[in-house]
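Have a look at the structure below, then the notes.
The values are calculated or read from the model by the stated rules, or taken from the named source; none is laboratory data. A quick note: this is a predicted structure, and the numbers were derived from the prediction, not measured. So basically every Cβ, Gly included, is an ideal-geometry build from the backbone, and we count neighbours across all protein chains shown. To get the accessible areas, we keep the full protein, side chains included, count just its heavy atoms, and leave off ligands, DNA and RNA. Shrake-Rupley method; radii C 1.70, N 1.55, O 1.52, S 1.80 Å.
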Amino acid sequence: MVLYFVSILFLNFFTNSDLIAEVDSSHKQVRAIMFQYPDSALVMADNSLKMAVSADYTWGIANSYYFKGYILEEIQNKAVAGLLMYLKAAHVLENKLDERSVNTYTSLMLNAGSVLHVNGKNEEAIDLYEKALKKAKLYNLEDQVLKLTFNKAFAFRDKGDLSLAIEAIEKSIELSDKLKNEKIYNDSWNLLGMILMDDNSIKKAESCFLKIINNTDARPTIKSNASNNLGDLYFSQGQYEYAIAAYTQADLNNAIPEVKFDNYLGLTNVYRKMGELSEAIKYGQGAILMYDSVVPEDQYMQIFNVMSEMHLEKGEQQLAYSYSSRYFDETQKFFQSQKELIKIKSEFQVDLLLAGFYTEMEFEAFEEKYSQTIIFSITILFAVVLLVHFAYKRRMSYSRKKIREVLNDYR
């Protein structure tokens, strides 16, 4: 019987080892094909998840969710579905205390927070960032602390908590300088300029943007972004010629889609304000060409409304109606994504509730089993003690009898 149980354990050990190796191998394949064949990669990640669950392979479960989230959010632009996968992966790793798990957990919370932030859920994003920051600081993961602090500052700014945003971004500047992270260092100065501009600290904001523009080591994208922000600053002050010069200074050949869009939108607004509608419409069309390449946010959707109004000013009713209809459609899509976010949040809360419930049930079952084991062990121990006691008494009685017999012989 003992040999049977040992053989079963031995067999299960190697079966789980094979499954774990298969999960890890599958993840490598997912990574290799996910950009070219995202649908196939999703299927593989889902199969990896099933195998990881069968093997009770915690890291494999979390990593499978992570891959699914990344493919859905980053590659297929299904941010809400990706968010749920990130949250599930983070939940699996929440109580794991090894450095790899903590590092991955904080990355997952960073990704999930970014999805929430982009979709206007700044308070929820900040909650995730702060939760991850506690763990990152506890394990002295400074790179993760830096990324989380920068993103938290951005979310505070968009939420309207400018004093907290300034406090966080100053920490980001200090830490990025210490870690020699040039990218986040320049991004932080750019964000500080945006926050100061919101706070009506115009001169201070201007100096932040010029610091980046005049930095020969700054990468082209952030310099272009800073030029756009400087253009926005001058536009807000009614300095239209300065605004055009700043926007024109942006190097769009090396800029990401969002930076190009912001540049075209800025020029559209300036020329419209100056009454040059034909020029404004030309740049507005440039922004619309970039629209499908940017994340759908409220500020980006406004281009359709602006274009509608400009064509209406020119008496071009049909074009005005066309852009107005597109604006309505994009707005509806945006609000639908907000509903999906609320739904995902509710579903995840149910998942957590069920996870907590099943954990509690498992603990109660373990507790009951443990109690039964204790009672059984005590019973066995008591029986053994009684047997030893009786055996001892019998032996002592026999010994005393023998001693009496020996003593009687010597009388």
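Points to keep in mind about this one:
- Single residue of the range 142-154 satisfying the filter (in contact with a helix residue (DSSP H, G or I) (Cβ under 8 Å, 6 or more places away or on another chain) and without any contact (Cβ under 8 Å) to a residue 40 or more places away in the chain) that is farthest from N225 (Cα to Cα): E142
- Out of S101, S114, S107, sole residue that is in contact (Cβ under 8 Å) with a residue 24 or more places away in the chain and over 23 Å from P38 (Cα atoms): S101
- When A226, A245, A205 are screened for being more than 32 Å from the chain's Cα centre (by Cα), of a type in the set (A, V, I, L, M) and in a helix (DSSP H, G or I), only A245 passes.
- Pairing residues of the range 79-91 that are of a type in the set (G, A, S) with residues that are open to solvent by 20 Å² or more (accessible area, probe 1.4 Å), at Cβ distances under 6 Å and at least 6 apart in sequence or on separate chains, gives A79/E73; A81/L72; G82/L72; G82/E73; A89/Y65; A89/Y66.
- Taking the criterion of being more than 30 Å from K96 (Cβ to Cβ) and of a type in the set (K, R), the residues of the range 139-178 that qualify are R157, K159.
- With respect to (1) of a type outside the set (D, E, K, R); (2) more than 21 Å from the chain's Cα centre (by Cα); (3) crowded, with 24+ Cβ neighbours inside 10 Å, the lone exception for N186 is condition (3).
- When the residues of the range 219-258 are filtered to those that are under 18 Å from S188 (Cβ atoms) and modelled with pLDDT under 90, the one that is most open to solvent (accessible area, probe 1.4 Å) is I256.
- The set of residues in the range 91-109 that are surrounded by 23 or more Cβ atoms within 10 Å (Cβ to Cβ) and within 28 Å of D158 (Cα to Cα) comprises Y105, T106, L108, M109.
- Qualifying residue in the range 37-56 (condition: touching an Asp or Glu at 6+ places or on another chain (Cβ under 9 Å), open to solvent by less than 40 Å² (accessible area, probe 1.4 Å) and of a type in the set (A, V, I, L, M, F, W, C)): yes
- Lone unmet requirement of (1) farther than 30 Å from N95 by Cα; (2) free of Cβ contacts under 8 Å to residues at least 40 places away in the same chain; (3) surrounded by 22 or more Cβ atoms within 10 Å (Cβ to Cβ) for R157: (2)
- The residue list Y358, Y321, Y327 contains one member that is modelled with pLDDT of 85 or more and either among the aliphatic types (A, V, I, L, M) or assigned to a helix (DSSP H, G or I) (or both), which is Y321.
- Wholly within the range 65-182, helices (runs of 4 or more DSSP H) carrying at least 3 residues that are under 28 Å from S40 (Cα atoms): 79-93, 99-118
- Checking each residue of the range 130-141 against the condition of being crowded, with 24+ Cβ neighbours inside 10 Å, more than 29 Å from D56 (Cα to Cα) and either small (G, A, S) or in contact with a Ser or Thr (Cβ under 7 Å, 6 or more places away or on another chain) (or both) gives no match.
- Scanning the range 259-306 for residues that are more than 29 Å from L72 (Cα to Cα), among the acidic types (D, E) and part of a helix (DSSP H, G or I) yields a count of 1.
- Residue pairs whose Cβ atoms lie under 7 Å apart, separated by 6 or more positions or on different chains, with the first residue in the range 213-224 and among the small types (G, A, S) and the second part of a loop (DSSP other than H, G, I, E, B), are S224/A250; S224/D251; S224/A255.
- In the range 57-66, the residue that is surrounded by the fewest Cβ atoms within 10 Å (Cβ to Cβ) out of those that are more than 20 Å from A81 (Cβ to Cβ) and of a type in the set (F, W, Y) is W59.
- Subset of the range 202-218 that is out of contact with any Phe, Trp or Tyr (no Cβ under 6 Å at 6 or more places or on another chain) and open to solvent by less than 30 Å² (accessible area, probe 1.4 Å) - its residue that is nearest to V145 (Cα to Cα): A218
- Just one of the listed residues (L164, L196, L175) is at pLDDT 95 or above, under 20 Å from G266 (Cβ atoms) and aliphatic (A, V, I, L, M), namely L196.
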